[in-house]
Amino acid sequence: MKASEIWKKAMDTLPREIAYKFSKPRFFISMDEERGLINFSFNDKGIEYKLYTPGIMSHADAFFYSDVAKFYSMQDRRVFLMTPHIYPKIAEKLITDGINYLDASGNMYINYDDIYILKTGKKTEQEKVQKSRLFSESGVKLLFGILQSPGFLELNFRRMGAAVGISASSVSILLTEMEGAGYLYEGNKKKRVIGKRPELIQRWVKAYNEVLKPKLFLGSFSSKKVPLKTEFKNVKPLSFGAEWSGEPAANLYTNYLSPEKFSLFVREDSKQWRNTLSLLPEKNGILSVYRYFWDTGHEVFYNQEQIEDAVPPLIVYAELTGTGDSRNLETAKMIFDEYL
């Protein structure tokens with residue numbers, strides 16, 4: 001959605017007595033349509049911002065634009081984000097970091113000299129519509145395969161379903177929904193091609209954390225045998241049919257983040273992981289354990305970019321992003337840029 005369209009939709013949602021105080025904006029947009037300048041006035045006071053127009057905002061994006069805003073503040077310039085959808089938690093971070101924004105539903109934060117406007121809580125059209133099956137439990141599983149593996153869409157429906165534990169009929173329905181939403185189209189030689197990938201990843205991350213991940217949770221534990229914070233790299237989870245996720249996996253991918261909390265994906269029908277680490281159930285234990293939802297032995301998931309003893313990078317990115325922790329978000333962006 002272009003900046004001018006976002007502006008018009010936002011103004012149409014405002015009460016008339018407020019909307020008329022805004023002048024028509026002037027945009028100076030770069031060739032890639034992702035940045036530029038915006039000039040407008042409110043109550044006849046001129047306002048100018050450095051403009052950025054991301055798609056659907058993720059927590060990692062908010063962390064990135066916080067750094068951008070700090071950089072421009074040193075030049076006495078201010079940053080303004082215009083995007084179709086800003087989720088409430090992300091809006092809270094933008095406000096905390098002093099980043100002005102506007103979305104197509106009229107949610108806005110403008111703090112410019114003596115002008116202060118804050119309007120939040122208005123749901124986006126995307127949030128109003130009934131939840132799509134595409135972001136239900138089955139949809140999240142299928143999208144994982146599609147987003148993680150380049151060869152996944154070349155499989156037939158039966159093999160796609162088998163790889164992520166859903167039925168072939170569900171695959172057919174979900175792919176039709178993807179086409180209708182513009183997330184899938186037919187490319188050269190009738191090959192299926194992903195559309196709007198960055199947007200799809202961010203919507204998948206949200207659905208994964210809210211819909212699927214809670215159903216995979218097997219419990220929290222502490223280890224009697226291994227001091228995980230200092231010795232986790234000496235643990236080789238593949239040897240007992242498991243893989244690191246979250247912060248320890250992020251460390252393996254980037255060699256950057258020192259884990260404070262630990263996540264492990266395991267096969268639910270095996271107790272080897274519990275015995276090897278001498279785990280004890282603990283309500284707020286340092287280790288959270290989840291069951292696999294995909295077939296780790298399926299050839300479509302053999303990926304040279306996946307690090308040994310760690311789950312695929314898409315899962316790691318989603319788990320880091322879901323924490324909202326600034327150090328995790330910084331590492332999540334590194335994983336996104338390198339692997340996704």
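Where (1) 30, 57, 13, 0; (2) 31, 61, 8; (3) 28, 51, 20, 1 are the candidate values, the label of the one calculated here for P(r) over Cα pairs in 20 Å bins from 0, in percent is (3). Candidates Ser170, Tyr185, Pro198 compared by Cα position along the dipole of segment 154-202: farthest toward the positive end lies Tyr185, with charges placed on Cβ. Think of segment 198-257 as a dipole: +1 on every Lys or Arg Cβ, -1 on every Asp or Glu Cβ, centred on the Cα centre; then among Phe232, Pro214, Asn255, Phe232 lies furthest on the positive end.
Mean sequence separation of contacting Cα pairs (under 8 Å, at least six apart), scaled by the length of segment 41-149, corresponds to a relative contact order of 19 percent. Step through the residues of segment 15-30 one at a time and calculate ³J(HN,Hα) from phi using the Karplus curve (6.51 cos²θ - 1.76 cosθ + 1.60, θ = phi - 60°), rounding each to whole Hz and writing x for Gly and Pro. Ordered by residue, 3J(HN,Hα) equals x, 4, 5, 9, 4, 6, 6, 8, 7, 5, x, 10, 10, 10, 9, 5 Hz. In this Cβ point-charge picture (+1 for Lys and Arg, -1 for Asp and Glu), segment 1-64 has a dipole of about 240 debye about its Cα centre.
For the peptides 172-178, 268-274, residues were scored by their other Cβ atoms within 10 Å and the scores averaged per peptide; the highest-first order is 172-178, 268-274.
With the simple spin-label model, which puts each label point 7 Å out from Cα in the Cβ direction, the Thr13 to Tyr292 separation comes to 4.3 nm.
If you sort the three axes of the alpha carbon gyration tensor as a ≥ b ≥ c, you get a/c of 1.5 or more for segment 231-340 and a/b no higher than b/c, which makes it oblate. Dipole of segment 24-92 computed with +1 at Lys/Arg Cβ and -1 at Asp/Glu Cβ about the Cα centre; of Phe64, Ile47, Met82, farthest Cα towards the positive end is Ile47. Taking a ≥ b ≥ c as the square roots of the eigenvalues of the Cα gyration tensor, an a/c ratio of 1.5 or more together with a/b larger than b/c marks segment 12-79 as prolate. The gain in end-to-end length when the Val193 to Thr230 segment is fully stretched comes to 9.0 nm, 0.36 nm per residue minus the alpha carbon separation.
Ordering of 65-71, 48-54 by packing is 48-54, 65-71, highest average first (other Cβ atoms within 10 Å, averaged per residue).
Given R0 = 30 Å, the distance between the Cβ atoms of Asp269 and Glu179 translates into a calculated FRET efficiency of 0.25. For the chain, the longest principal axis of the Cα atoms and the long axis of helix 197-207 meet at an angle of about 70 degrees. Counting protein heavy atoms only, the chain has 48 percent of its accessible area on carbon and sulfur, 1.4 angstrom probe.
Here the relative contact order of the chain, from alpha carbon pairs under 8 Å that lie six or more residues apart, stands at 14 percent. Once the 1.4 Å probe is applied to the protein heavy atoms, segment 230-340 comes out at 46 Å² accessible per residue. Sequence-ordered 3J(HN,Hα) estimates for segment 153-169 from the Karplus curve with 6.51, -1.76 and 1.60 and θ = phi - 60° stand at 6, 7, 6, 7, 4, 5, 6, 4, x, 5, 5, 10, x, 10, 7, 5, 5 Hz, glycine and proline given as x. Distance between the 7 Å Cα→Cβ label points at Val211 and Ser172: 2.1 nm. Taken about its Cα centre, the chain carries a charge dipole of about 640 debye when Lys and Arg each add +1 at the Cβ and Asp and Glu each add -1 at the Cβ. Simple point charges give the picture: +1 on the Cβ of Lys and Arg, -1 on the Cβ of Asp and Glu, and for segment 125-282 a dipole about the Cα centre of about 320 debye.
The values are calculated or read from the model by the stated rules, or taken from the named source; none is laboratory data. Values in this document were obtained by computation on a predicted structure and should not be read as measured data. Reconstructed Cβ throughout: ideal geometry from the backbone, glycine too, with neighbour counts over all protein chains shown. Areas reflect the complete protein model, heavy atoms only, side chains present, ligands, DNA and RNA absent. Shrake-Rupley method; radii C 1.70, N 1.55, O 1.52, S 1.80 Å.
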